[in-house]
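Here the structure is laid out as structure tokens; the discussion comes afterwards.
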Amino acid sequence: MKALIRSLFIFAVLYDGLLGLIFFLFPLWVFTFHGIEPPNHLAYIRFPALLLMIFAAIFFRIASNPKHYRELIPYGIALKASYCGLAFWYQLTEGIPFMWIPWAWADLGFMFAFIAAWKALRPK
């Protein structure tokens, strides 16, 4: 079980780290590729991109010793719940460009996997 949890968080490192890096380095390309008008300032994209990279570092820490760093997992759960919750809310109410929706589904999956890992690592 511990190896599976480590693998989950390594996958989260790669997912959030690469996504953050792409949005930080190539934000205009991402929006152009999806045919979406970018925001009026790149800081609106680069700041969340940096936050994703910070969370990737947190996930790396968790992967190094999941039982020891169990108390960090709820922060990852909150990150994933925040993103998918907002994306799905806007999809249902005002509409949101489709490019954000696959990542919302991925984050929903990560959220449930993080919850399962957090529960599996609780002290006996």
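The values are calculated or read from the model by the stated rules, or taken from the named source; none is laboratory data. If you're wondering where the values come from, they're calculated on a predicted model, not measured in any experiment. Note: ideal-geometry Cβ built from the backbone for every residue, glycine included; neighbour counts use all protein chains shown. For accessibility, only protein heavy atoms count, side chains too; no ligands or nucleic acids. Shrake-Rupley method; radii C 1.70, N 1.55, O 1.52, S 1.80 Å.
Data for the structure
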read-out	value
Check on residue 96, surrounded by 16 or more Cβ atoms within 10 Å (Cβ to Cβ), over 18 Å from residue 2 (Cα atoms) and β-branched (Val, Ile, Thr)	yes
Within the stretch 19-53, tally of residues that are assigned to a helix (DSSP H, G or I), open to solvent by 100 Å² or more (accessible area, probe 1.4 Å) and of a type outside the set (Phe, Trp, Tyr)	1
All positions within the stretch 65-94 that are more than 18 Å from residue 54 (Cα to Cα), out of contact with any helix residue (DSSP H, G or I) (no Cβ under 7 Å at 6 or more places or on another chain) and either at pLDDT below 95 or in a helix (DSSP H, G or I) (or both)	85, 86, 89, 90, 92
Residue 57 open to solvent by less than 50 Å² (accessible area, probe 1.4 Å) and within 15 Å of the chain's Cα centre (by Cα)	no
Breaking point among (1) charged (D, E, K, R); (2) open to solvent by 50 Å² or more (accessible area, probe 1.4 Å); (3) farther than 19 Å from residue 3 by Cα, for residue 80	(2)
Of all residues making up the stretch 18-60, the number that are in contact with a Leu (Cβ under 7 Å, 6 or more places away or on another chain) and under 24 Å from residue 120 (Cβ atoms)	2
Candidates 77, 54, 73, 96, filtered to the one that is closer than 20 Å to residue 18 by Cβ and either without any contact (Cβ under 8 Å) to a residue 60 or more places away in the chain or small (Gly, Ala, Ser) (or both)	54
Filter result for the condition that a residue is farther than 20 Å from residue 82 by Cβ and at pLDDT 95 or above, over 55, 47, 26, 59	26
